[in-house]
Amino acid sequence: MPRVTIARNILAANEEIAADVRRRLAAASVRCINLMSAPGAGKTTLLERSVARLRGQVAIGVIEGDIETSLDAERIEAAGAQVVQINTRGACHLEAHMVRDALEALDLQRLDLLFIENIGNLVCPAAWDLGEDLRAVVVSTSEGDEKPAKYPQMFAAAQVLVINKLDLLPYVDYDLARVRGQALAVNPELRLFSLSCRSGEGLQAWCDWLLQVVHPRKLEGGPGCRCGESSAHPRGHAS
Ligand code: MG
Ligand code: ZN
């Protein structure tokens, strides 16, 4: 099946570039979280709120992936983070080479935490390693409450699930327990956060976890680790 072979080659090439991204981030002691969701779940708003709450404690950078426009990047920049926009011009997921190119526009030595806001899509982003340390999926109560059962690969490949828009619960038929149960059935190791970017409920627990994710040497305020040991950044280290 030639098509399968081609897809494998493309993914193998992506893995190599992702490993290079991972090495460069590790050398600068920058932790990286790949943030994924369907369109409209609130990835950009979650980043805005996180940047604002952690200002002065954690230097956050964002690689903002969108099919078109720099609207989200402008919001992140206004919140006070280093930001790079990637426009995929139609492509429905980010690939590692796009992240590698975006790193050129960031001052990694000045960053503690790098978010990659992926394209709004719960399907193919799950298959593409971007060189991140952790993957976080965002769902929201304005969506259907069957997402983990319908898109299991995304939840299986993540370490963190954020359920956003808790403030809308009184107005929607969204079974929070059902979503949590489905998600944990797919991935029992998943760390769960439920929050509302609008009301602020639950945001502090998420930010406290982000503080744990940051490389300890960065929080001590000591010199950045230049050792380049990828073992210092195991996947899922904070879970
Ligand atoms: Mg966005
Ligand atoms: Zn895609």
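A short reminder: the numbers here are calculations on the coordinates, not readings from a lab. Predicted, not measured: the structure shown is a model, and the values here were computed from it. Cβ: placed from backbone, ideal geometry, glycine included. Neighbour counts: every protein chain shown.
For the range 54-71, the condition holds for no residue, the condition being that it is closer than 22 Å to Ile163 by Cβ, assigned to a helix (DSSP H, G or I) and either over 15 Å from the mean Cα position of the chain (by Cα) or touching a residue at least 40 places away in the same chain (Cβ under 8 Å) (or both).
Residue count for the range 137-160, restricted to those that are over 13 Å from Arg180 (Cα atoms) and in a strand (DSSP E or B): 0. Looking only at residues in the range 105-136 that are free of Cβ contacts under 8 Å to residues at least 60 places away in the same chain and over 24 Å from Arg89 (Cα atoms), the one that is nearest to ligand 2 (Cβ to nearest atom) is Asp107. For the range 37-59, the condition of being buried (at least 18 other Cβ atoms within 10 Å of the Cβ) and touching a His at 6+ places or on another chain (Cβ under 6 Å) holds for none of the residues.
For the range 158-185, filtering for residues that are surrounded by fewer than 18 Cβ atoms within 10 Å (Cβ to Cβ) and in contact with a helix residue (DSSP H, G or I) (Cβ under 8 Å, 6 or more places away or on another chain) leaves 3.
The single condition from (1) free of Cβ contacts under 8 Å to residues at least 60 places away in the same chain; (2) assigned to a strand (DSSP E or B) that Cys92 fails is (2).
Scanning the range 1-51 for residues that are in a loop (DSSP other than H, G, I, E, B), out of contact with any Ser or Thr (no Cβ under 8 Å at 6 or more places or on another chain) and farther than 17 Å from Ala126 by Cβ yields Met1, Ala28, Ser29, Val30. Of all residues in the range 151-172, which are under 14 Å from Ala38 (Cα atoms) and in contact with a Leu (Cβ under 8 Å, 6 or more places away or on another chain)? Selection gives Tyr151, Met154, Phe155, Leu161, Val162, Ile163, Asn164.
Scanning the range 186-204 for residues that are among the small types (Gly, Ala, Ser) and surrounded by 13 or more Cβ atoms within 10 Å (Cβ to Cβ) turns up Ser194, Ser196, Gly202. When the range 48-76 is filtered for residues that are within 13 Å of ligand 1 (Cβ to nearest atom), within 19 Å of Val30 (Cβ to Cβ) and of a type in the set (D, E, K, R), only Glu64 remains.
Filter the range 72-89 down to the residues that are assigned to a helix (DSSP H, G or I) and within 22 Å of Arg22 (Cα to Cα) and list them by number.
Of the range 72-89, the ones assigned to a helix (DSSP H, G or I) are 72-79.
Hits for the range 72-89: nothing passes.
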